[in-house]
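Bear in mind these aren't lab numbers, they're just calculated from the coordinates by the rules spelled out. In this text the structure is predicted, and so the values were computed from the model without any measurement. Every residue, glycine as well, gets a Cβ built from its backbone with ideal geometry; the counts of neighbours run over all protein chains shown.
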Amino acid sequence: MNPRKVLSALGGSKIRLVFLAVLVFGGAVGGGFALGLFGVPSVAAVDNSFGEVTNETSEIETTLTVSNPNPVGISLDSLAVDYTVSMNDIEMARGGREGVRVGTGNSTMAFNTTLQNDDIPAWWVAHVRDGERTTVRIDATATSGILGRGVDFSQTREIKTDLLGAFNSEETRPVNADSALVDDPVLYVNETRAEWGAVSESETPIDMAFTVYNPNLEPYAITEVGYTVTMNDVEMATGQTEEGYVIPSRQTETIEFTTGLRNERLDEWWVTHLDEEVNGHQVSDLRIEFYAVIELPSGDEITVPLDELTYEETVETDIFGEGDDVRDREESDDDDTDGGSDDETTDGGNTDGGSDDGASSEDSTNETDGTDGSDSVIDDWNTTDDENATDDGNQSDGGSDVLPL
């Protein structure tokens, strides 16, 4: 017997056995998937954050966690992962990848997608129309083309703001002319009100009203009220009233006018909102300034800055729940920031409007009840998982293929 032939035969047998074992194992795995014995990989979590921001685009950095419930890793060209980010049903970004390889358990993969800043005005319109509420929705799907099945994953998060709430006030504030022609205060503003008007694709109106009291013995006329609205120093609106008002002696008059935020400037504001060097990441300062042109009984006109009526509001959002990247609202109560409670208000107390100078008795002392300096309220993510059998249209248990993180 030739020893070499014996060794060669034994070696060839081992190779054939190994090859056969691989074929059997691969066939068993493939058959297991085909028969539904193994689970379909699914999306277990989606984490988003904002990356680089330019004047035209905002980068969204996404980390997807794919859960493979099987004892072996999977590398199939037909395994694909897709996801979309929408805000109030407006699609803001879409991404995905085909030919995904996943190991056993949980695997993470990174994506970069681009949000076009000129989509921000459409979202803003929907946000204001929905009562300053936005639902951020993340939809992701892991799909196997060979198996003909996929598992859907959804997250929702609500963002709420209140930009104008604190402007509604019954605090009496003096109007000082700082002029030798008249004694101060020349007028009092006993009440201010503001609410959103009918929003269009191009403009966001703010309907405003001032209740003005004249403490003097002669009637005074306000021929013009001007305003400037900025968000992070981006000018959103500027203008003046088109009609005058006469306030009789010792009486009140309501001055009504409408400002119009230019939606075309919102993408420019959005860049500053995401720039942490301006006011912090996803933080904005809303500021409304006023002036009045007052005609005195002598016929002289004076322009008076209404500094006491200047309105400032801090607006914060945390669209993707980035946590420490957005200032901690719960630790900022002393700075008038809201920790997320819908019913917390700041009571400014009673303010003496100057009744000795002729302010009406019912308005000279008023209580200020407004909201605090930060109005963003963000709820926890709500997640749902559904496995869709795309081959026959049947649905199986939605959470059976998702491993806990």
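With charges only on Cβ, +1 for K and R and -1 for D and E, what is the dipole size of segment 221-326 about its Cα centre, in debye, rounded to 20?
The calculated dipole for segment 221-326 is roughly 580 debye.
Using each residue's phi in segment 245-261, evaluate 6.51 cos²θ - 1.76 cosθ + 1.60 at θ = phi - 60° and report the 3J(HN,Hα) Karplus result to the nearest Hz, with x for Gly and Pro.
9, 10, 9, x, 4, 6, 9, 10, 9, 9, 9, 10, 7, 10, 9, x, 5
For D275 and N168, FRET efficiency with R0 = 41 Å and r from the beta-carbon atoms, rounded to 0.05?
Given R0 = 41 Å and the Cβ-Cβ separation, E is 0.85.
Can you tell me the dipole magnitude for segment 65-204 around its Cα centre, using point charges on the Cβ only (Lys, Arg +1; Asp, Glu -1), in Debye to the nearest 20?
1060
Divide, for segment 83-168, the radius of gyration over alpha carbons by 2.2 N^0.38 Å, where N is the residue count.
1.44
Between Rg and the Kirkwood Rh of segment 172-329, both from Cα atoms, what is the Rg to Rh ratio?
With Rh from the inverse mean 1/r over Cα pairs, Rg/Rh is 1.07.
Kindly identify segment 175-250 as rounded, prolate or oblate by the Cα gyration tensor criterion: order the square roots of the eigenvalues as a ≥ b ≥ c, call it rounded if a/c is under 1.5, otherwise compare a/b with b/c, prolate if a/b is larger, else oblate.
Cα axes put segment 175-250 in the prolate bin.
Give me the dipole magnitude in Debye, nearest 20, for segment 116-195 about the Cα centre, with unit charges on the beta carbon: positive for Lys and Arg, negative for Asp and Glu.
In debye, rounded to 20, segment 116-195 gives about 660.
Rounded to the nearest 0.05, what FRET efficiency do R250 and R97 have when you use their Cβ-Cβ distance and R0 = 56 Å?
0.15
Considering only the other residues whose Cβ falls under 9 Å of the Cβ of T310, what net charge follows from Lys and Arg at +1 and Asp and Glu at -1?
-3
Calculate one ³J(HN,Hα) per residue across segment 215-230 by plugging θ = phi - 60° into the Karplus curve 6.51 cos²θ - 1.76 cosθ + 1.60, and present them in order as whole Hz with x for glycine and proline.
So the J values, rounded to whole Hz, are x, 8, 7, 10, x, 10, 10, 9, 8, 7, 10, x, 8, 9, 10, 10.
Starting from the amide H of E191, placed 1.01 Å from N in the peptide plane, find each other amide H under 5 Å away whose residue is 5 or more places distant or on another chain.
Long-range HN contacts for E191: T211.
Given H placed 1.01 Å from N in the peptide plane, which residues other than close sequence neighbours of N168 have an amide H under 5 Å from its amide H?
A194
Rounded if a/c is under 1.5, else prolate if a/b beats b/c, else oblate: with a ≥ b ≥ c from the C-alpha gyration tensor eigenvalues square-rooted, which is segment 276-326?
prolate
Under the classification rounded if a/c is under 1.5, otherwise prolate if a/b is larger than b/c and oblate if not, where does segment 46-197 fall, given a ≥ b ≥ c as square roots of the Cα gyration tensor eigenvalues?
prolate
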